[in-house]
Amino acid sequence: MAKTIPRIGSRKNTRRIPKGVIHVQASFNNTIVTVTDVTGRVVSWSSAGTCGFRGTKRSTPFAAQTAAGNAIRTVLDQGMQRAEVMIKGPGLGRDAALRAIRKSGILLTFVRDVTPMPHNGCRPPKKRRV
């Protein structure tokens, strides 16, 4: 009977990622930070909700800063030096997340605002009558 040897360490293969894309989605209720490689595969992500903030505290700039720090900490171990930043949404966490990314030591090639803007697309819902 063959005895199986337990594997030491994690099963995940740690790929070296020198360059990546950091997506920050800042809504009025939450801030989600996703780090991908250049092809678009998600390497790491974090949000204000997963960092332990609940309710109205989730939409604060401090929660966004914590979420950005958590998402970037794992990719720094995988060797990321350069990144592009895509910021989407009107939330309070936009600037705080960008500040946390700048402070992390990753060299930013560019910062782009990719908030979707309608060219007067959909008709808005009818006004409320109270």
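The values are calculated or read from the model by the stated rules, or taken from the named source; none is laboratory data. Because the structure is a prediction, the values reported are computed rather than measured. Cβ atoms come from the backbone with ideal geometry, glycine included; neighbour counts cover every protein chain shown. What goes into the accessible areas is simple: the full protein's heavy atoms, side chains included, and nothing from ligands, DNA or RNA. Shrake-Rupley method; radii C 1.70, N 1.55, O 1.52, S 1.80 Å.
Annotations
- Using a probe of 1.4 Å, the accessible surface attributed to F53 totals some 40 Å² when neighbouring protein chains are kept in position.
- Residue range of the chain that is longest and free of trypsin sites (Lys or Arg not before Pro) which are both DSSP loop and sparsely packed (at most 15 other C-beta within 10 Å): 55-125
- Each Lys and Arg Cβ is given +1 and each Asp and Glu Cβ -1; about its Cα centre, the chain then shows a dipole of about 460 debye.
- Here the extension length gained between T56 and F28 equals 9.1 nm, from 0.36 nm per residue of separation less the Cα-Cα distance.
- Each of S27, I72, I106 was placed along the dipole of the stretch 19-113 (beta-carbon charges, centred on the mean Cα), and the one lying farthest toward the positive end is S27.
- Answer label, with Rg/Rh (Cα atoms, Kirkwood Rh) calculated from the coordinates and candidates (i) 1.05; (ii) 0.99; (iii) 1.14: (iii)
- Shown for the chain: lysine pairs separated by 8 or more places, or found on different chains, whose C-alpha atoms are under 25 Å apart, numbering 6.
- Nearest-ten-degree value, helix 93-103 long axis tilted from longest Cα axis of the chain: 40 degrees
- Per residue, the accessible area of the chain comes to 74 Å², computed with a 1.4 Å probe over protein heavy atoms only.
- Accessible area of M80 in the full protein assembly, 1.4 Å probe (Å², nearest 10): 10 Å²
- Dipole orientation for the chain: of the candidates C122, T4, T36, C122 has the Cα lying most toward the positive pole (charges on Cβ; Lys, Arg +1; Asp, Glu -1).
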